[in-house]
Ligand SMILES: NC(=O)c1ccc[n+]([C@@H]2O[C@H](COP(=O)([O-])OP(=O)(O)OC[C@H]3O[C@@H](n4cnc5c(N)ncnc54)[C@H](O)[C@@H]3O)[C@@H](O)[C@H]2O)c1
């Protein structure tokens with residue numbers, strides 16, 4: 001383990017960036033730069049954390065500084081170009097936010113560029129560090145459910161947004177099996193976006209893993225109970241597992257048996273805190289020659305492949321086998337091909353309120369002074385604007 005204090009830079013000073021800062025602080029990493037085209041955003045981080053220098057772009061930063069680590073915390077479509085630029089700048093490690101990329105070509109480019117530069121790239125599916133999912137993985141690996149037959153996951157807010165966490169989480173608890181094929185259905189009748197990326201109104205999919213385990217997922221359909229809790233059925237038992245709880249039932253049990261996670265549910269961080277701290281620690285250890293990070297880009301690209309295969313299946317009306325041949329964004333291709341005509345006119349973005357460009361910074365500061373988090377502040381400012 002290196003004894004020198006490592007340095008880090010945050011690229012994209014918005015909501016999730018605060019949790020990356022927490023992760024670095026918990027592991028003693030020094031924050032030396034905050035990069036954001038918006039002066040209010042980058043300067044806020046300098047003043048709140050009392051460290052680092054502010055830059056308008058990654059290129060500007062590299063003219064003066066080369067941090068050891070970089071966090072890519074901008075919106076989805078910028079993940080690939082910023083990761084590639086960071087790797088070209090010679091950093092040792094990158095934590096890039098989810099979804100890793102919008103399309104398999106970008107995901108594979110990120111993997112290849114980082115492999116060539118020797119940069120360790122982790123994708124921030126930080127829920128892999130929650131005790132509930134870890135317990136689920138441990139019990140399944142120990143054969144507590146026999147052979148896993150089927151996992152069911154139900155979530156909302158878009159395939160690229162919550163879907164990537166859910167699919168990645170199911171892969172995690174199953175021990176990261178390879179995918180054999182995917183079949184999917186996609187609806188997009190409204191002009192829906194999420195953080196500037198066109199997304200579906202709703203979708204569902206069946207994922208068949210090598211070995212025969214299947215995952216059935218639905219997104220933005222029935223929202224009752226939608227969460228990051230998975231229902232797992234095995235040949236010898238069943239499990240309900242979320243980030244904060246895990247319970248099992250088998251042939252000998254009277255009913256559900258709560259599994260001891262060793263930590264109370266209300267002390268588990270699904271974002272930030274211990275989750276981001278441990279995510280950072282595992283990256284530092286990986287850089288120092290330790291085991292591959294559980295969120296390594298080579299694993300996360302398989303989650304991208306499942307999401308893209310689901311959409312490609314809807315595009316082609318076929319079961320789609322992996323490796324996925326289509327390297328673009330199948331939803332965009334379907335839109336371009338006229339396969340998803342918009343029936344309700346009017347572009348909208350379900351996370352558009354996060355765009356800080358037009359925000360009233362005086363009101364922002366007032367709300368921040370009350371202790372409110374960034375996401376809630378932006379939502380509140382947007383609601384005030386709607387009310388006129
Ligand atoms: N892992 C999680 O649980 C989790 C949770 C929330 C968000 N996210 C992901 O984090 C990413 C950011 O989401 P957010 O909610 O923090 O958004 P946000 O809008 O709050 O912050 C994004 C910031 O990036 C800045 N930015 C834009 N272009 C840039 C550029 N070229 N270089 C540097 N900065 C730039 C913006 O000005 C903004 O300040 C998204 O991809 C999202 O999916 C992950």
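Readers should treat all values here as calculations from the given coordinates under stated rules, not as data from a laboratory. The structure displayed is predicted, hence computed values, not measured ones. Cβ sites come from the backbone with ideal geometry, for glycine too, and all protein chains shown count toward neighbours.
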The chain, relative contact order in percent, only Cα pairs under 8 angstrom and at least six apart counted: 19
Gaussian network model of the chain, Cα within-10 Å springs - most flexible of 297, 285, 54: 285
Largest-first principal axis extents of the Cα set of segment 15-82 (Å): 28, 24, 23
Where labels lie 7 Å past Cα in the beta-carbon direction, separation of residue 216 and residue 357 in nm: 4.3
Cut-off 16 Å (backbone N to label point 7 Å along Cα→Cβ of residue 337), residues of segment 178-210: 183-188
Inter-label distance for residue 317 and residue 178, nm, one decimal - labels placed 7 Å from Cα along Cα-to-Cβ: 3.1
Inter-centroid distance (Cα atoms) of segment 247-297 relative to segment 160-186, Å: 18
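At a 10 Å Cβ-Cβ cut-off, how would you order 195, 384, fewest neighbours first? The partial results should precede the final answer.
Details: 195 21, 384 12.
By the 10 Å Cβ count, ascending: 384, 195.
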Most mobile of 291, 67, 131 in a GNM of the chain (Cα contacts under 10 Å): 291
Among beta bridges that DSSP assigns inside the chain, antiparallel share in %, nearest 5: 55
Dimensions in Å of the chain - Rg and Dmax from alpha carbons: 21.0, 65
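Would you mind ranking 120, 274 so that the residue whose beta carbon has the fewest other beta carbons within 10 Å leads the list? Please report the intermediate quantities before stating the final value.
Numbers: 120 24, 274 19.
Least crowded to most crowded, the residues run 274, 120.
Sort 288, 260 so that the residue with the fewest other Cβ atoms within 10 Å of its own Cβ comes first and the one with the most comes last. Let's see the in-between values first.
Values: 288 12, 260 8.
Final ranking by Cβ density, sparse to dense: 260, 288.
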Gain on full stretching of the segment that runs from residue 142 to residue 88 - 0.36 nm per residue minus C-alpha separation: 15.3 nm
Linear extension gain, residue 327 paired with residue 77, 0.36 nm per residue minus alpha-carbon span: 88.5 nm
Most mobile listed residue (126, 358, 218) in the chain, GNM with C-alpha springs under 10 Å: 358
Debye intensity ratio I(q)/I(0), log10, segment 1-156, q values 0.21 Å⁻¹ (C-alpha model): -1.32
Added length on full extension, which subtracts the Cα-Cα distance from 0.36 nm per residue, residue 267 to residue 40: 78.5 nm
Cα-based Rg / Dmax (Å) for segment 273-388: 21.0, 56
